[in-house]
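One structure is given below, encoded as structure tokens.
Quick note: the coordinates plus some simple rules give every number you see, no bench work behind them. What you see is a predicted model, and the numbers here were worked out from it, not measured in a lab. Note: ideal-geometry Cβ built from the backbone for every residue, glycine included; neighbour counts use all protein chains shown.
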Amino acid sequence: MEEMMRVTKEELKKDNLLLDIENIAEFFKGMWQKHRDRIIVGLLIGGVAVLFLIIFIFTSIRSNNEASRKFNAALLTYANTNMSPADRYGSAKKAFETVLEEHPRTTIASDLRQYLANCYFFLGEYDNAIETFGKNATGLGSGSRAIYAMEGIGKSYEGKGDIQTALQTYRDAVKKYPRHFLVALLHMDMGGCYEKTGKQNEAAAEYQKTIDMDSGSLFAKDARTRLSLMGR
């Protein structure tokens, strides 16, 4: 009797489970019949969204690859010392401009801008250089390239003969990145500005700061050379 009751309970449990499954199935069936059109539209929209995402990813990859290929070709011109500076930087400038125009959202946009700004600088197009360096100086966080961009701005102001603005640019960079190793380079730049304005003591102080930061660096070696030329 107890065995029969136990079996009956197990069977009841199975029956209840089957009933639950049937109820769940009926629920989803009812939901499908009631909202079939909406569900189909939702699936279609989701599928289209996924398709567009896949297309976007592949298009971006293709665009970046194409931009990189053209960038590397432009670098060969940029580094070709057999060309005159005007031809070398002029041709490279046009190539970098074209890549940025065709691929404005490429992942190497900051590299393109840096080299393009260098071309502007070497060609004496200082206002264009300042504008282009500025985009990297404000958009690259605290990395070395951001500091090089700020230095490029300072050098461009020096090229324009605006030594005071150049000095202020270097000071701003030192203040913004006080612990970066390239601060030694910025002190060299400031020393050069002071030399141009005849302020020998201030120049010597900046060169000494470079040496104090890392006496074994190439920057320090250059600083010692400049101090020696000043008779210090």
Each label point is 7 Å from the Cα along the Cα-to-Cβ direction; what then is the distance between the points at Lys199 and Ser91, in nm?
4.3 nm
Sparse-neighbourhood loop sites, GluC sites (Glu not before Pro) in region 90-150 - DSSP loop, at most 16 other Cβ within 10 angstrom:
none
Please work out how much length the chain gains when fully extended from Ile108 to Lys176, using 0.36 nm per residue of separation minus the C-alpha to C-alpha distance, in nm with one decimal.
22.1 nm
Once a ≥ b ≥ c are taken as the square roots of the eigenvalues of the Cα gyration tensor of region 168-223, is the result rounded (a/c under 1.5), prolate (a/b larger than b/c) or oblate (a/b not larger than b/c)?
oblate
Using alpha-carbon positions, the gyration tensor of region 102-228 gives root eigenvalues a ≥ b ≥ c; with a/c under 1.5 called rounded, otherwise prolate if a/b exceeds b/c, else oblate, the class is prolate
Just to confirm a number: summing +1 for Lys and Arg and -1 for Asp and Glu over residues other than Ala220 whose beta-carbon lies under 15 angstrom from that of Ala220, what do you get?
0
